[in-house]
Structure formats: C-alpha cells, structure tokens
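Structure first, commentary second.
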Amino acid sequence: MTETPIGEKPWLVMAAIDWLERNLRPDMHLFEWGMGGSTLWFASRVKSVHSVEHDWDWYQAVARACSKRALSNVVLHHVPEHPGMEEEYASVIDIADHDAFDFILIDGKNGTRGHCALAAVPRVRPGGFIMLDNSGAEEHKQARLILDATGWSRTSWVGLVYAVTTSHEGTTETSVWSAPNA
C-alpha cells in the first residue's frame, strides 16, 4: 500500500501560515474541519486539536501519521460521506470536549462549509479566530457571508498554497475573522 503524502504544514495560503505562526499559542484549543498536514502542524503548536474528516482513506492516513508521532493532544473524528451529511459533519464541534475553541479552521468537504460556519460562530471563544480556506471561491460564498455577518474584523490573503500535491497549484484566498474580546 502506498502511503498518501500528508505534508508537514497546512495546505493554506503561505501568508496565512505566517499569520498562524505569529498567533497560535501553546495554551490554545483548536478545532478543524478537514484534516491533514494541518492537524500534525497544529498539534505541535497548541494544547489540543479536534479534527473532522469525511474521506475514510485520508482519515486513516492522518490517524497513522498521528500515531507514528505519538500525538496525544489530537482527537480525530470521522463522518462518512452520504447524502445530507452536512449538518452531521458540522455538528461534530458540539460533541468536542471544549465549550469554546480559541481557533477554528473551516476547510474540508465542499458543500459543508456554510453549515460549519454556522456551527463555528457560537463555539469560538471571545478573542478567538475563525479561518476559512478558499474563502474567495464561489462555492464557499455562503460560509463567507455568514462569517461576514458577524461584523468581526476580517483579514484575507490571496496567494500560493503550500501543498505536497500538484492538485493545489495556483492561487487561492484564505481569510480569518477575529472575534471581539468579551
């Protein structure tokens, strides 16, 4: 069996990775929809990572990578792909063992990101952040509008993506919304 290359960084716009390097702290609790190199990378920078994936093979590859690295601060969740899975996929954040998260990344399965944005807003801690990958894509407009409707400060970057595959060539947009302090 050939191992899928996961990489050691999030598949995000490089400027967004720079922002993460400056803003993530070891005491943070993080939630992400869509796992991979980001899961491994986050685990070395924050206190806990909860990550959700719909693709079983990718989930297994990430689980093996976490096990190989003996990452004890990562909790992986799998929601199988099926018609109408969007709400189930998004609601995994509600079963996570934290009342609120310091940082939430919305990536992962296309067609679920609007549901994920709705689930994320009440679960981000005051002063926390929600990041939407591919935020400029038309297919993620619903998620972008939901997050813009919060009135929170938004920062966006357009640029090249760090990726270990050629399927992510070209530029894209990654945006982060900053929740106000209480």
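Tabulated data for the structure shown
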{"read-out": "Options 33, 11: the member that is aromatic (Phe, Trp, Tyr), modelled with pLDDT under 95 and surrounded by 20 or more Cβ atoms within 10 Å (Cβ to Cβ)", "value": "11"}
{"read-out": "Residue match in segment 114-123 (condition: closer than 27 Å to residue 14 by Cβ, touching a residue at least 24 places away in the same chain (Cβ under 8 Å) and basic (Lys, Arg))", "value": "no"}
{"read-out": "Selection from segment 37-90 of residues that are within 20 Å of residue 112 (Cβ to Cβ), outside any helix (DSSP H, G or I) and of a type in the set (D, E, K, R)", "value": "53, 55, 81"}
{"read-out": "Matching option when the condition is buried (at least 17 other Cβ atoms within 10 Å of the Cβ), over 16 Å from the mean Cα position of the chain (by Cα) and assigned to a helix (DSSP H, G or I), among 93, 146", "value": "146"}
{"read-out": "Test set (1) at pLDDT 95 or above; (2) closer than 21 Å to residue 28 by Cα; (3) among the small types (Gly, Ala, Ser); (4) in contact with a Gly (Cβ under 8 Å, 6 or more places away or on another chain) - residue 70 fails condition number", "value": "(4)"}
{"read-out": "Failed condition for residue 44, given (1) buried (at least 18 other Cβ atoms within 10 Å of the Cβ); (2) among the polar types (S, T, N, Q); (3) over 12 Å from the mean Cα position of the chain (by Cα)", "value": "(1)"}
{"read-out": "Extreme residue, surrounded by the fewest Cβ atoms within 10 Å (Cβ to Cβ), among residues of segment 112-136 that are part of a strand (DSSP E or B) and of a type in the set (D, E, K, R)", "value": "125"}
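The values are calculated or read from the model by the stated rules, or taken from the named source; none is laboratory data. Remember, it's a predicted structure, so these values are computed and weren't measured experimentally. Glycine also receives a Cβ, built like all others from the backbone with ideal geometry; neighbour counts cover every protein chain displayed.
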